[in-house]
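Below: the structure, in structure tokens.
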Amino acid sequence: MKTTLCQWKCFSVEEESQTLPDGRDICFTTVKHPGAVIILPVTENGDLVLVNQYRPAIKQWILEFPAGTLEDSEQIEICAQRELAEETQLAAKNWTSLGQLLPVPGFCDELQHLFLATNLEKTTGELDDDEIIEVITISTEKFESLIANNTIQDAKTIATYMKAKLTGLV
């Protein structure tokens with residue numbers, strides 16, 4: 001039996017009885033999430049486009065790749081295009097899937113879809129009401145040094161970059 005404990009925007013907290021692989025029955029609470037996209041935009045000269053965004057949940061600014069939550073019944077690729085435009089005022093002619101991440105599988109079912117965006121051009125997009133964003137462009141060397149000195153702490157940003165680097169795309 002499934003019980004919704006809390007509903008907020010497109011997220012919910014649900015409690016459900018489950019049988020574990022070893023046969024034990026438990027009651028488990030899960031944050032239900034519609035999924036998200038993370039975009040690694042790369043300029044013509046190989047620089048990376050990030051956003052410096054204020055995050056109210058942690059009450060601080062963080063450097064991260066553009067990202068956003070899937071809207072109801074939205075196609076993943078359309079969400080990625082929309083979020084890139086909204087947060088950076090850029091569009092990409094070329095998109096490469098970098099796979100998926102499970103950011104917090106201990107309590108949330110969110111699946112993040114990762115993309116490399118290249119052949120960028122200017123466009124227009126509108127930020128969400130709660131977003132304050134500054135667009136930053138930096139070299140891969142600078143990006144890596146910001147990870148090393150703990151300036152960049154966002155896990156989805158670091159993991160997306162590593163997937164692109166390990167596959168030779170950055």
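Points to keep in mind about this one:
- Lysine pairs with alpha-carbon atoms under 25 Å apart, the chain, spacing 8 or more or separate chains: 18
- In the context of the full protein assembly, residue 139 retains an accessible surface of approximately 40 Å², using a probe radius of 1.4 Å and ignoring ligands and nucleic acids.
- Mean Cα-pair separation over length for segment 38-170, i.e. relative contact order, pairs under 8 Å, 6 or more apart, %: 33 percent
- The heavy atoms of residue 167 offer some 90 square angstrom of accessible surface to a 1.4 angstrom probe.
- Rounded tilt (10° steps) of 155-166 against the dominant C-alpha axis of the chain: 60 degrees
- Using C-alpha pairs below 8 Å separated by at least 6 residues, the relative contact order for segment 1-89 is 20 percent.
- Segment 50-116 - Debye-derived log10 I(q)/I(0), Cα point model, q = 0.23 Å⁻¹: -1.21
- Solvent-accessible area of residue 30 with every protein chain in place, 1.4 Å probe, in Å² to the nearest 10: 30 Å²
- Helix axis angle, 76-88 relative to the chain longest principal axis, alpha carbon, degrees: 50 degrees
- Normalised per residue, the accessible area of the chain is 58 Å², obtained with a 1.4 Å probe and no contribution from ligands, DNA or RNA.
- For segment 1-136, with +1 on Lys and Arg beta carbons and -1 on Asp and Glu, the positive-most of 85, 75, 49 along the dipole: 49
- Percent carbon-and-sulfur accessible area, the chain, ignoring ligands, DNA and RNA, probe 1.4 Å: 52 percent
- With a simple spin-label model that places each label point 7 Å from the Cα along the Cα-to-Cβ direction, the separation between residue 128 and residue 148 comes to 3.4 nm.
- Here the alpha carbons of segment 1-108 define both size measures, Rg and Dmax, at 17.6, 55 Å.
- P(r) tail for segment 62-170: Cα pairs beyond 25 Å make up 20% of the total.
- Computed from the C-beta positions of residue 167 and residue 62, the FRET efficiency with R₀ = 22 Å rounds to 0.30.
- Mean-square fluctuations from a GNM of the chain, with a 10 angstrom spring cutoff on Cα atoms, peak among 160, 19, 123 at 19.
- Residue 141/residue 75 FRET efficiency (R0 45 Å; Cβ-Cβ; nearest 0.05): 0.80
- Listed residues 167, 106, 153: farthest to the positive end of the dipole of the chain (Cβ charges): 167
The values are calculated or read from the model by the stated rules, or taken from the named source; none is laboratory data. Quick caveat: nothing in here was measured; it's all calculated off a predicted structure. Positions of Cβ are generated from backbone atoms using ideal geometry, with glycine treated the same way; all protein chains shown enter the neighbour counts. These area figures cover heavy atoms from the full protein model, side chains too; ligands, DNA and RNA do not enter into them. Shrake-Rupley method; radii C 1.70, N 1.55, O 1.52, S 1.80 Å.
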